[in-house]
1. Could you list, in sequence order, the residues of segment A:296-314 that are within 21 Å of A:Leu11 (Cβ to Cβ) and out of contact with any helix residue (DSSP H, G or I) (no Cβ under 7 Å at 6 or more places or on another chain)?
2. Identify, from the list A:Leu229, A:Leu233, A:Leu286, the residue that is assigned to a helix (DSSP H, G or I) and buried (at least 18 other Cβ atoms within 10 Å of the Cβ).
3. Going residue by residue through segment A:343-360, is there one that turns out to be in a loop (DSSP other than H, G, I, E, B), free of Cβ contacts under 8 Å to residues at least 40 places away in the same chain, surrounded by fewer than 21 Cβ atoms within 10 Å (Cβ to Cβ) and touching a helix residue (DSSP H, G or I) at 6+ places or on another chain (Cβ under 9 Å)?
4. Given the criterion aliphatic (A, V, I, L, M), away from every other protein chain (no Cβ under 14 Å) and crowded, with 22+ Cβ neighbours inside 10 Å, identify the matching residue among B:Val172, B:Val180.
5. Considering each residue of segment B:225-247, count those that are of a type in the set (Phe, Trp, Tyr) and either away from chain A (no Cβ under 14 Å) or more than 19 Å from A:Gly203 (Cβ to Cβ) (or both), and give that number.
6. Which of the helices (runs of 4 or more DSSP H) contained wholly in segment B:1-115 include at least 2 residues that are of a type in the set (Gly, Ala, Ser), more than 8 Å from chain A (Cβ to nearest Cβ) and in contact with a Gly (Cβ under 9 Å, 6 or more places away or on another chain)?
7. Would you call B:Val187 more than 28 Å from B:Leu24 (Cα to Cα), at pLDDT 95 or above and either buried (at least 22 other Cβ atoms within 10 Å of the Cβ) or within 13 Å of the chain's Cα centre (by Cα) (or both)?
8. List every residue pair whose Cβ atoms lie under 9 Å apart, where the two residues are 6 or more positions apart in sequence or sit on different chains, the first residue falls within segment B:82-95 and is hydroxyl-bearing (Ser, Thr, Tyr), and the second residue, located anywhere, is assigned to a strand (DSSP E or B).
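The values are calculated or read from the model by the stated rules, or taken from the named source; none is laboratory data. Since the structure is predicted, the reported quantities are computational estimates derived from the model, not experimental observations. Note that we place each Cβ from the backbone using ideal geometry, even for glycine, and neighbour counts take in every protein chain shown.
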Protein chains: 2
Amino acid sequence: MQPINPSPRILLGPGPSSVPPSVLRAMAAPMVGYLDPQLMRFLSEIQAMLRQVFQTENEWTFPLSGTGTAGMEAALVNFIEPGDDVLVLVNGYFGARLAEIAARHRAQVETLEHPWGQVFTPQEVETALERKSYKLLALVHMETSTGTLQPQVAEIASAAHRHGALVVLDTVASLGGTPVAVDAWDVDIVYSGSQKCLSAPPGLAPITVSERARRALESRQTPVDVWYLDLPLIARYWGEAHAYHHTPPISSLYGLHESLRLIAEEGLEARFARHRANAERLWEGLEALGMDFFVPRECRSPTLSTPLVPAGVDESAVRRRLLEEYSLEIAGGFGPLAGKIWRIGLMGYSSSRANVDLLLTALKQTGDGGR
Amino acid sequence: MQPINPSPRILLGPGPSSVPPSVLRAMAAPMVGYLDPQLMRFLSEIQAMLRQVFQTENEWTFPLSGTGTAGMEAALVNFIEPGDDVLVLVNGYFGARLAEIAARHRAQVETLEHPWGQVFTPQEVETALERKSYKLLALVHMETSTGTLQPQVAEIASAAHRHGALVVLDTVASLGGTPVAVDAWDVDIVYSGSQKCLSAPPGLAPITVSERARRALESRQTPVDVWYLDLPLIARYWGEAHAYHHTPPISSLYGLHESLRLIAEEGLEARFARHRANAERLWEGLEALGMDFFVPRECRSPTLSTPLVPAGVDESAVRRRLLEEYSLEIAGGFGPLAGKIWRIGLMGYSSSRANVDLLLTALKQTGDGGR
C-alpha cells in the first residue's frame, strides 16, 4: 500500500473549501493529552475566537466533535423531549433534514414549506406561530442545496420568542463568510461546520447556546437522547471543570485554532467584503457567459452560487473536465435540482479573485465540450 | 493571538498515544472534496486495512466520524429498539457507560457486575443468559479505567449466540495492540478509537458489523434513534453508491490511512509481540521499584498497566513532575480508583523500549519528590 499523496484541488464546491497552508501545518503539530495544560489554553482561545465569529457572548460556545450534521443533531436533540411541538422552515434539503432529525427524536414536527430556492418572510412565520404553540422553531440560514440566504433572521427570531419558541439556526455554510450576528439577532442555538467558510478541515461543529436555551435545558424532564451529543456533559469539559466526556479530535482542534486566528487577523468585516466582492465578480462573469441564476439576487448567498445549467449542456461532463483538466471542483445540484444547476462555493480560503477568474476561464474552455 | 506551538510530549497515558511523524505529515496533505476520486480510493484502502486489523471479512468495516464514544453509541443505538432487553457486563467505567447509553436508547438494561478490576467467566455469562432472553450482550475487551483485558471473548460470544443475543464488543483500547479476532471470535459489532493502539489522532471510531447483525438491522421496526450514527445511511457513503450522508473528517482519514499502513508494514503479530515485550519490561521495572499491581498478571492488558500508588506517595504530584520535568504523561485513576492507581499506557507508537526505560528512570527520580 502506497502512502497517500493527493493532488491539490481548487475546491469551489459546497464544501469542504480549500484549507490554508498554515492550518494544514497546525494539524501536524505534536499530539498532547486531552487534559494537557497546553491544550487547555488552546481550548479557551478557540472558545474566545468562536465567540467573535458568532458575534456572541454566550458562555456555551465550543466546537462539537463531529461534522456539521452532528451539530444539527445536537442542536435539536438537546432541546426536544418526546412529543414536543417543533416547527421547521423547509425550502431545501437541509431544512428537510432538520425536520427528519427532529422527528427521530420524537418531536411532533410540522413544516412550513416553500419551493426549493424561495425564502420565508417574518410575517408568514408569525402567522404559523399564531396558529399553534411550538417549543422550537428551526431554520437554515444558508441552504447549501439551493444557494439561498434567508434574510430577516432577527425578525423571525423575534416572532418566535413572542410566541414562546426557541430558535435553532443552521449556519453551516454561512458562518465566517457572511454576517451571522447571534446576539444581535437573538437566536438561541446556532451551529456550523468547520470545513466551509471557516476553511478548517471537516470534523468539527461549532455551536453556541443562549442563556434562554440553557434554562430550557435545565428544565428537561428526560435525559438527552444522545449521550455523545449531550451538551451539559460536553460543556463540563470545555468549562472550568475540564471533566472527561470523550477525547476530542485534538489535531482538528489545532487546525480550527489556526483557521480562527486567520479570521481574527483578517477581520470579520474585511472577510465578509471579500466574500461579497468575489461572489459579485463571479455573478457578473457567469452572466457575461450568458448564464441565469436559480436564486434571485436579493436572496443569493455570497458563499454559494447556483447558476442554471444552460440548455443542452451535460453538466456532469463539464464538472469532470474541470476536475481533470484544471483540478477545479464545483458541484452539481441534487434531488429536484439534479442536472439543473451548478453549485459553486466561494467559501473561506477558496474565495479569491484568482479562483473566480480561473473558473470563469475554465468554464469558457470546457463549456462547449460538455455539449 | 499566537499560533499554536505545543511542546512534544511522550504520551504514556490511556490515550491519545503519541502519533508517528508520517501520520502527522499525512494529516497536512491537501484537502479534497468528499466525492473526489482520489479520496474514494483512500476510503477503500482504509476499509481493506481496517479489515486486516479487525481480522474480519465483514463488508461493513469503516471508521465513523466521531471519537470512540461515538462508536460505542453507534454500536448500541443501531441494534436497540425501545424495550429491547440488553445485558451489559460491568467491571469498570466503560462497561457502566455502555449500560447508560443503552438505557438512553430505551433498552431494558440489566447488568452483570464485578468489582472494578475483575473479569468475567463464560460460565457466569451463560448462567445469566439462561435466566432470561436478551437481544444484545455488550462487553468491554480492555477496560481503560482498570487495565483488565477480558479473556475468553470467543466463549462468551458463543454463549450469547446460543441464547439468541448479538454481541457488542468495545475494543477502544485494545485494537492494534493485542489480538482482536472479530471473525474467529464471532463477535457481531466491534468498535474502537483511532487514538489509542492505532496511534492516529483522536476523532475517528472504526467499527465492523457482522452479517448476523446486519440482518437484525434490516428487521428493525423503528428508525435508528440517531441520524448522525445511522449505520445503513453511513454504509451507503462507504459502499459503491458513495451517497452523501455527511462530509467526513478528511484530514483525519488521511492520518488513519497512514497509521493503518504503518501497522500493515510492521505486521500484526510483530506489533502484538512488541506491545507484550514492552509491557513485560515495564512490569518488571515497576516490580523492581517495589510496586504492586491492581490487576493480576493473567488478565492484565499489555496496552495499559495499572500499578498501585505506593503508600504515602502523592500520585498527582508525581504526575505533575513527570510532565514538567520529562514531558512525560501518565494518568491517575478515577472514580473508586482515584489516588490509588496510575494508568500507564504503552499503546501503538508510544510502546517502545526507550519510553519504558525513560519512564522507569523518571519514576525513580520523581517518586521520592511526591512523598
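1. Of all residues in segment A:296-314, those within 21 Å of A:Leu11 (Cβ to Cβ) come to A:300-307, A:309.
Residues satisfying the conditions are A:Arg300, A:Ser301, A:Leu304, A:Thr306.
2. Numbers: A:Leu229 fails: assigned to a helix (DSSP H, G or I); A:Leu233 fails: buried (at least 18 other Cβ atoms within 10 Å of the Cβ).
Only one candidate passes the filter, namely A:Leu286.
3. From segment A:343-360, those in a loop (DSSP other than H, G, I, E, B) are A:346-347, A:351-352; that's our starting set.
From the residues that got through so far, the ones that are free of Cβ contacts under 8 Å to residues at least 40 places away in the same chain too are none.
Taking every residue of segment A:343-360 in turn, none turns out to be in a loop (DSSP other than H, G, I, E, B), free of Cβ contacts under 8 Å to residues at least 40 places away in the same chain, surrounded by fewer than 21 Cβ atoms within 10 Å (Cβ to Cβ) and touching a helix residue (DSSP H, G or I) at 6+ places or on another chain (Cβ under 9 Å).
4. Working: B:Val172 fails: away from every other protein chain (no Cβ under 14 Å).
Of the residues listed, the single one that is aliphatic (A, V, I, L, M), away from every other protein chain (no Cβ under 14 Å) and crowded, with 22+ Cβ neighbours inside 10 Å is B:Val180.
5. As a first pass, look at segment B:225-247 and keep what is of a type in the set (Phe, Trp, Tyr): B:227-228, B:237-238, B:244.
Imposing the further condition that a residue be either away from chain A (no Cβ under 14 Å) or more than 19 Å from A:Gly203 (Cβ to Cβ) (or both) reduces the set to B:238.
Of the residues in that region, 1 qualify.
6. Values: elements: B:21-27, B:37-54, B:68-77, B:93-104.
Qualifying helices (runs of 4 or more DSSP H): B:68-77.
7. Values: more than 28 Å from B:Leu24 (Cα to Cα): yes; at pLDDT 95 or above: yes; either buried (at least 22 other Cβ atoms within 10 Å of the Cβ) or within 13 Å of the chain's Cα centre (by Cα) (or both): yes.
When the stated conditions are applied, B:Val187 passes them.
8. The qualifying pairs are B:Tyr93/B:Glu143.
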